[in-house]
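For reference, the structure is listed below as structure tokens.
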Amino acid sequence: MPFGESNPPSRRAVLKGAGVLGGAAVLSAAAGPAARAGAAPAGRRRAPGAPVPEPFSVPLTVPPVAKPARERVVDGVRTAYYDWKIREAEAEILPGVKTKVLTYDGAFPGPTIKARTGGAVYVTHTNALSTDTVVHLHGGIVAPEDDGHPHDVIKPGASRTYFYPNKQRGSTMWYHDHTHHMEAELAFRGLAGAYVLEDPAEAALGLPSGEYDVPLLIRDARFDEKGQLVFEMMDIANRQTLLVNGRPQPYMRVAARKYRFRLINGSNLRYFTLRLDKGGDLIQIGSDGGLLPAPVPEATVAFSPGERVDVVVDFSKYPVGTQVVLVNDQADSETTKQVMRFDVSHTAPDRSRVPAELAPAPSLGKPDAEREVTMSYDPEQGMFVMDGKVYDPARVDQEVEFGATETWKVVNKDAAPPVPHNVHLHGVHFQVLERDGQPVSGHEAGWKDTVSIPPNGGHVTLKARFDHHRGLYLYHCHLLDHASMGMMAQMKIG
Ligand code: C2O
Ligand code: CU
Ligand code: CU
């Protein structure tokens, strides 16, 4: 019974340094990684939780857009400097309740950084926590020393400056903690936020913009009776409160016109299949790495932890007064079926459009090398492993030649129980050639950095050109509880 309530010492050992935040909670978590992600395990009772408000009783909020401390033109490049403190704060997530959270500069989720392709960003983080932290820009093409490698920790009281050159296509990225063994808990407690890279090449397309371009960071959470966050490893069964931008199942007043929503799956373990209950398309226009070649209108959009999907929704097809619920067709309970509600409350002019062509996807050509990577749960070690091995920051798992184009076949070997995984590569964007022998569609046909891999021998083949930076980069499962329990590896590009 690999996912039972046994308590392998290795798991304790690996998490022994992890008591700084939740103390007992973290350690007891180590005792019970019970759930396979994506489904509540049979026979596990849900812990009593906080009184969560009725769905759609709390308004959606949009995280503040960060204001740079300074802006300069450096060698002809517009450069913005942000100075942030990583600190504990209280957030009103549930109405009338102050919840202790970890924040980037006081915001839950973190402030949105808006940058422009071709303009540079420096973020200086000062760690005011009592624990180490590391900041990773997920989707960013950045030098290894700026990537937030788990061994590059910011000690309590120390600062570190990350440089983001933004020499890449416009896209929806996000930043989050990446501290070795602690990323799952730290991100869960609030260390995550959106990073929107706007692209002058995109501006000409006339997509919905300004107040009609809204990031939606979707995740689950578990609260105790007092409304405090509870983190236990592999605890999806108890993470029953869905948050959008840090608000529980909120409503949003919208105009009867087109909106662009930048969906970010910020859950540690939860997959979503999103749909509008009144019918109508979610028009997929972008993926992890930016715009798709052409819009893909579909009734549902599915995505796994770490993935982003940009969609356009046209509310002009609904009469004013219509309430449109964004439902989740991959719910494991009544409470995870409804994500948020759009209340079509007024009309507004709309000159935006969704052009038939968005951004061409160049072919990467013939691969220079082919690799295979496996992902699985190792019951002996009580850990999640890649190619049979627990992550070791001192080990190089793949040597990739700089400039090479490669295909990677990534296989999910887990069958009993059938644990879903996904794979995320740092420092590169890839194209997905196939999943289980079939071509992928929708947002998965665009530039990706994270892609889901079903269990029972499911596999994807991805193709990438490693021509951005030399150095050490991670690849890992983005179910962060799995990553924290060993499911990471690293490649040396050189
Ligand atoms: Cu979103 Cu290695 O991370
Ligand atoms: Cu990443
Ligand atoms: Cu996994």
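The numbers here are math on the coordinates, done by the rules we state, and not lab data. Just so it is clear, the model here is predicted, and its values are computed rather than measured. Cβ coordinates were reconstructed from backbone atoms using ideal geometry, including for glycine residues, and neighbour counts include every protein chain displayed.
Side notes on the structure shown:
- Test: residue in the range 334-352 that is touching a Phe, Trp or Tyr at 6+ places or on another chain (Cβ under 7 Å), of a type in the set (V, I, T) and more than 30 Å from H178 (Cβ to Cβ): yes
- Yes/no for V142 being assigned to a loop (DSSP other than H, G, I, E, B), surrounded by 20 or more Cβ atoms within 10 Å (Cβ to Cβ) and among the aliphatic types (A, V, I, L, M): yes
- Filter result for E357 (free of Cβ contacts under 8 Å to residues at least 60 places away in the same chain and either more than 22 Å from the chain's Cα centre (by Cα) or closer than 20 Å to P55 by Cα (or both)): no
- Scanning the range 148-172 for residues that are within 12 Å of ligand 2 (Cβ to nearest atom) and crowded, with 24+ Cβ neighbours inside 10 Å yields one hit, G148.
- Residue in the range 452-494 that is farthest from ligand 3 (Cβ to nearest atom), counting only those that are among the hydrophobic types (A, V, I, L, M, F, W, C) and in a loop (DSSP other than H, G, I, E, B): F466
- Annotation: of all residues in the range 115-163 being closer than 15 Å to A69 by Cβ and either under 18 Å from the mean Cα position of the chain (by Cα) or of a type in the set (S, T, Y) (or both), the one that is nearest to ligand 3 (Cβ to nearest atom) is Y162.
- Odd one out for L358 among (1) buried (at least 17 other Cβ atoms within 10 Å of the Cβ); (2) over 27 Å from L243 (Cα atoms); (3) within 16 Å of ligand 1 (Cβ to nearest atom): (3)
- Residue in the range 419-441 that is polar (S, T, N, Q) and without any contact (Cβ under 8 Å) to a residue 40 or more places away in the chain present: yes
- Test: residue in the range 454-477 that is within 24 Å of R219 (Cβ to Cβ), aliphatic (A, V, I, L, M) and free of Cβ contacts under 8 Å to residues at least 60 places away in the same chain: yes
- Of residues in the range 286-340 being acidic (D, E) and not in a strand (DSSP E or B), the one surrounded by the fewest Cβ atoms within 10 Å (Cβ to Cβ): E334
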